[in-house]
Amino acid sequence: ALELQLQPFAVLLRHTLDQLQEKDNASIFAEPVSLDEVPDYLEYIQTPMDFLTMRQKVESHKYKTMDEFELDFENIINNCLMYNAKDTMFYRSATRLRDQGGMVIRASRRMAERVG
Ligand SMILES: CC(=O)c1c[nH]c2ccccc12
């Protein structure tokens with residue numbers, strides 16, 4: 001497809017994002033944490049991140065490398081591990097997403113090297 005020629009990296013990141021979001025089956029990372037629901041969130045979390053924001057960054061070509069993309073993904077995880085207590089579904093979902101997502105990103109890195 002023409003798109004693959006013009007923006008192979010964006011296609012790869014979009015596909016990677018789709019695979020990462022499949023691991024978030026409760027969709028707790030799908031959108032920014034609501035500051036209405038969680039008014040104290042920004043007292044604890046300096047750089048909020050979520051999959052919707054990442055998707056917008058992919059579409060606007062904000063990610064130049066897989067490292068930048070992975071930093072935002074790690075941010076989603078670490079924010080959740082910091083804000084939520086260990087005995088919560090949120091905390092456990094973050095550790096599971098970290099483990100399962102790690103494999104997804106490693107595979108995408110290898111693909112990026114090939115497309116490189
Ligand atoms: C990802 C995350 O931490 C959250 C996602 N939704 C939430 C609602 C209340 C408190 C935390 C959250």
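The values are calculated or read from the model by the stated rules, or taken from the named source; none is laboratory data. Remember, it's a predicted structure, so these values are computed and weren't measured experimentally. Cβ atoms come from the backbone with ideal geometry, glycine included; neighbour counts cover every protein chain shown. Surface accessibility is based on the protein's heavy atoms, side chains included, excluding ligands, DNA and RNA. Shrake-Rupley method; radii C 1.70, N 1.55, O 1.52, S 1.80 Å.
Go through region 53-87 and give me each residue that's over 20 Å from residue 16 (Cα atoms) and open to solvent by less than 40 Å² (accessible area, probe 1.4 Å).
79, 80, 81, 84
Which condition breaks for residue 70 when tested against (1) at pLDDT 95 or above; (2) farther than 17 Å from residue 105 by Cα?
(2) is the only condition that residue 70 fails.
Of everything in region 17-40, what is touching a helix residue (DSSP H, G or I) at 6+ places or on another chain (Cβ under 7 Å) and either surrounded by 15 or more Cβ atoms within 10 Å (Cβ to Cβ) or among the aliphatic types (A, V, I, L, M) (or both)? Give them in sequence order.
Within region 17-40, 17, 19, 20, 21, 23, 24, 26, 28, 29, 30, 33, 35 qualify.
For region 17-33, indicate whether the set of residues that are farther than 30 Å from residue 6 by Cβ, over 15 Å from the mean Cα position of the chain (by Cα), within 13 Å of the ligand (Cβ to nearest atom) and not aromatic (Phe, Trp, Tyr) is non-empty.
Checking region 17-33: not a single residue is farther than 30 Å from residue 6 by Cβ, over 15 Å from the mean Cα position of the chain (by Cα), within 13 Å of the ligand (Cβ to nearest atom) and not aromatic (Phe, Trp, Tyr).
For region 79-88, check the following and say yes or no: at least one residue is more than 16 Å from the ligand (Cβ to nearest atom) and β-branched (Val, Ile, Thr).
No, there is no match, as no residue in region 79-88 is more than 16 Å from the ligand (Cβ to nearest atom) and β-branched (Val, Ile, Thr).
Can you tell me which residues in region 107-116 are over 12 Å from residue 20 (Cβ atoms), open to solvent by 30 Å² or more (accessible area, probe 1.4 Å) and in a helix (DSSP H, G or I)?
If the condition is that a residue be over 12 Å from residue 20 (Cβ atoms), open to solvent by 30 Å² or more (accessible area, probe 1.4 Å) and in a helix (DSSP H, G or I), then 109, 110, 111, 113, 114, 115 are the ones that fit.
Looking at region 41-52, which of its residues are among the aromatic types (Phe, Trp, Tyr) and open to solvent by 60 Å² or more (accessible area, probe 1.4 Å)?
Once the filter is applied, which keeps residues that are among the aromatic types (Phe, Trp, Tyr) and open to solvent by 60 Å² or more (accessible area, probe 1.4 Å), region 41-52 yields only 44.
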